[in-house]
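To keep things clear, I will list the structure first and then write my remarks on it.
The values are calculated or read from the model by the stated rules, or taken from the named source; none is laboratory data. Note that the structure is predicted; figures quoted are calculated from it, not measured. As a convention, Cβ positions derive from the backbone with ideal geometry for all residues, glycine included, and neighbour counts pool all protein chains shown. Only protein heavy atoms, including side chains, enter the accessible area calculation; ligands, DNA and RNA are left aside. Shrake-Rupley method; radii C 1.70, N 1.55, O 1.52, S 1.80 Å.
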Amino acid sequence: MLDIDRMKRLAEELYVAAVQRSFGTEGVAALQDLIDRLIRIYRRIDPSIRTTRLVLVAPLPSKGPLELGPLLRAIPDVSLLTDEMDRECCAVLDGVNGFAMYGHSQLDLLGVSRSALVYVFQSSQEHFYIDGQVFRINNPSPSHASIFARPTFNSLRAALESYRVRVARESSCEILRGVWHDMHRLFLKAKPEPTMRKSLNQFLAHVLQDAEVKPEQNTDETHPVDIKVTWTLSDHRAIIEIKWIGASRKADGSLGTAWSDARAMAGASQLAGYLDNSAAWAAGVHTRGYLVVFDARRNALSSSRTHINASDGLYFEGEEIPYPHDYSRSRADYDAPTRFFMRPICVPGSA
Amino acid sequence: MRNPEAVFDSLVIVKALDETLRGVSRFELQKLTFLACILSLYRGLPASDWGYRFARTGYGTPFSAGVNSAVDFLLSAGHLAEQGGRLSASESGRHLLEALSHLTTCVHRGEFLAAAAASALAVPPGVIAHGIEKEPSVVQSAIRVNGASLLEGAALDRLYEHFSILSQVLPPSAGGLIAPSVLWLTSLADEPISQRIEAQS
């Protein structure tokens, strides 16, 4: 049963509802136009490398013409964009596919928002200014800088590689940042697996085309499945086993479990065993196994250490796990293991 | 025999998102036609009027055999093209859509399909899937074997309870379907997509 009070709070915070409240159907139509054009802009201009502010304005015809200063140039179609939006700029939707470019300085965004919809992208954050109010967009997936830049991957392997680089390496995801016991990322919290699973599950659910991504309860070593991926209209499945290696601390600060690369090697064997067993009861279903290893190892990590230099912190970054048996070569249903090295925050000169 | 509503719906969704998203996947199409059907229920139309049904299947949930067959037909007839797993409308597909839009059974559907397509653009990609996973009949079907029909029975009553709350928060007369659709999805998915912050002048 939905909670009405919670839904009212959500509606107060929801930018789409704000547009409807303030500007009705005209506003919602303008919002659709703005989002449509924004998605197409971001196909041409990657927001993740943007260093300047982008302001996009959708006029509301009933509010009359906007006073934005002198027109700098007109762009008849998104497809004709080259570098016009690379610098800080204000682009007003013009016609079906075009933009009118105006100077950006001295823009009163809140004032403009009383007669138009305003979108702002700056410093990897995006906001909507709606009738004098500001709404920050929550981006659940750090794989791209904007929810309107749509990453999609056809293969799980490509998605895992993107997660490795964009999320795991710098713990870029808000969920994944929760695995750390300390601010310099030397020690994991005890039992970090559920958090790691949640982070990876959310990422994959957002970026995989045509796939259902579900977390599974990894109940024991005989059922080492953390995430199951099912492709629609297909008999193909992927099961992902998650392992972590490194050191952990309990909530009271005492040392918790520490795992070496031996755990990853054991995980590889467990996954192979599970695939053998699952083939018996899932006939007709093509299952492929993926082992992912969250690598939080640090060199010379003593229990008293609170800071780490780059030499010790990044010691294992290039150290691949020496699996005694490469199942990906001997089995068609086994993908090569993926290691997500998780960088610490290094302090120069720390011993 | 082809289901004309499924053919129409598939063409509408693909055409609505074709240029913006560079095509639509079958997976997205199944989800969005399901969402459009839910929006028609929100407007007070009976589920039996939608023209085709959805179920939990081994091919995915929700899944409509009607939509799947429609896509197969449209591809074989050249009204849709498929590249890299993404469907796009051809010129003949757009002409067919124009012709179907005059059918009595299709005239009123555009509003629901347009709102579903717009919802897909207004939220992060996973929110649609996560929200639909929590739709009462989808949740209930999880305890049954594949083939469980959706949007019927006791679960449908629970969906109408959702609508009752939704209409109190965003009165239907106040505007279109996009805001209620997005609010419902984000509420079920438990993923707030925005928050109001202090305005700085």
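Just from its helices, what would the mean residue ellipticity at 222 nm be for chain B, if runs of 4 or more DSSP H residues each count -39500 (n - 2.57) and the sum is divided by every residue, rounded to the nearest 500 deg cm²/dmol?
On the way: 9 runs with 114 residues, N = 201.
Theoretical 222 nm ellipticity from helices: -18000 deg cm²/dmol.
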(request) Among the lysines, select those whose C-alpha is under 24 Å from the C-alpha of A:Lys191, and discard any that sit fewer than 8 residues away in the same chain. (result) A:Lys214, A:Lys228, A:Lys243, A:Lys250
(request) Considering Cα pairs under 8 angstrom that are at least six residues apart, work out the relative contact order of the range B:1-126 and quote it in whole percent. (result) 37
(request) Report the normalised scattering of the range A:284-351 as log10 I(q)/I(0) at q = 0.15, 0.19 Å⁻¹, calculated by the Debye formula with identical scatterers on the alpha carbons. (result) -0.61, -0.78
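How large is the dipole of chain B about the Cα centre if only Lys and Arg carry +1 and Asp and Glu carry -1, each at its Cβ, rounded to the nearest 20 debye?
On the way: 15 positive and 19 negative charges, 43 e Å.
My answer is approximately 200 debye.
Report relative contact order for chain A in percent, whole number only (criteria: Cα-Cα under 8 Å, sequence separation at least 6). The partial results should precede the final answer.
Numbers: 632 pairs, mean separation 41.9, N = 351.
Relative contact order here is 12 percent.
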(message) From zero outward in steps of 20 Å, how is the percent of C-alpha pairs of the protein assembly as shown spread across the bins?
(response) 20, 50, 28, 2
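Looking at the calculated P(r) for the range A:13-122, what percent of the C-alpha pair distances fall above 16 Å?
Working: 3379 of 5995 pairs.
Percentage above 16 Å: 56.
Using unit Cβ charges (K, R positive; D, E negative) and no other charged atoms, how large, in debye to the nearest 20, is the dipole of the range B:1-84 about its Cα centre?
Values: 8 positive and 8 negative charges, 43 e Å.
Using only the charged Cβ atoms, the result is roughly 200 debye.
If each DSSP helix of 4+ residues adds -39,500 (n - 2.57) and the sum is divided by the residues in chain A, what number results at 222 nm, nearest 500 deg cm²/dmol? Show your work: numbers first, answer last.
Numbers: 9 runs with 100 residues, N = 351.
When only DSSP H runs of four or more count, the value is -8500 deg cm²/dmol.
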(request) Among A:Pro324, A:Pro59, A:Pro192, determine the one that fluctuates most according to a GNM of chain A built with springs between C-alpha atoms less than 10 Å apart. (result) A:Pro324
(message) From the phi angles alone, apply the Karplus equation (6.51, -1.76, 1.60; θ = phi - 60°) to the range B:43-53 and give each ³J(HN,Hα) in whole Hz, x where the residue is Gly or Pro.
(response) 7, x, 7, x, 4, 5, 7, 5, x, 8, 10
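Placing +1 at every Lys and Arg Cβ and -1 at every Asp and Glu Cβ, with all other atoms neutral, what dipole size does chain A have around its Cα centre, in debye to the nearest 20? Kindly include the intermediate steps, with their values, before the conclusion.
Details: 41 positive and 42 negative charges, 109 e Å.
Approximately 520 debye in magnitude.
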(message) For a quick check: with amide H placed at 1.01 Å from N, whose amide H comes under 5 Å from A:Val134's, ignoring anything fewer than 5 positions away on the same chain?
(response) B:Ile197, B:Ala199
(message) For the interface of A with B, what's the total buried accessible surface in square angstrom, probe 1.4 angstrom, rounded to the nearest hundred?
(response) 4900
(request) Using a 10 Å cut-off on Cβ to Cβ distances, tally the other chain neighbours for every residue of A:28-34 and report the average as a whole number. (result) 4
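Per the Kirkwood treatment, what hydrodynamic radius in Å, one decimal, follows for chain B from the mean inverse distance over all distinct Cα pairs? Before the final figure, lay out each step's value.
Working: mean 1/r = 0.0577 Å⁻¹.
Mean inverse Cα-Cα distance, inverted, gives 17.3 Å.
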(message) On a 1.4 Å probe surface of the protein chains, which of A:Val292, A:Val285 comes out largest in accessible area, and what is the full order?
(response) A:Val285, A:Val292
(message) I want to verify a result. In a Gaussian network model of chain B, Cα cutoff 10 Å, which of these has the top mean-square fluctuation: B:Gln30, B:Gln140, B:Gln83?
(response) B:Gln83
(request) Based solely on C-alpha atoms, express the radius of gyration and the Dmax of the range B:86-190 in angstrom. (result) 16.2, 44
(request) Provide a whole-number value for the mean count of partner chain Cβ atoms within 10 Å of the Cβ atoms in peptide B:112-123. (result) 3
(request) Convert each backbone phi in the range A:125-138 into a coupling constant with the Karplus relation 6.51 cos²θ - 1.76 cosθ + 1.60 (shift: θ = phi - 60°), then list the ³J(HN,Hα) values in order as whole Hz, x for Gly and Pro. (result) 10, 10, 9, 10, 9, 10, 6, x, 10, 10, 10, 8, 7, 8
(message) Quick check: the distance between the Cα centres of the range A:68-108 and the range B:1-70, to the nearest angstrom?
(response) 37
(message) Out of the total accessible area of the protein assembly as shown (probe 1.4 Å, heavy atoms of protein only), what percent is carbon and sulfur?
(response) 51
(request) Rank B:Leu177, B:Leu188, B:Leu21 by mean-square fluctuation in a GNM of chain B with C-alpha springs under 10 angstrom and give only the top-ranked residue. (result) B:Leu21
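Given a 1.4 angstrom probe, what's the average accessible area per residue across chain A, in square angstrom? Kindly include the intermediate steps, with their values, before the conclusion.
On the way: 15440 Å² over 351 residues.
Per residue, chain A has 44 Å² of solvent-accessible surface.
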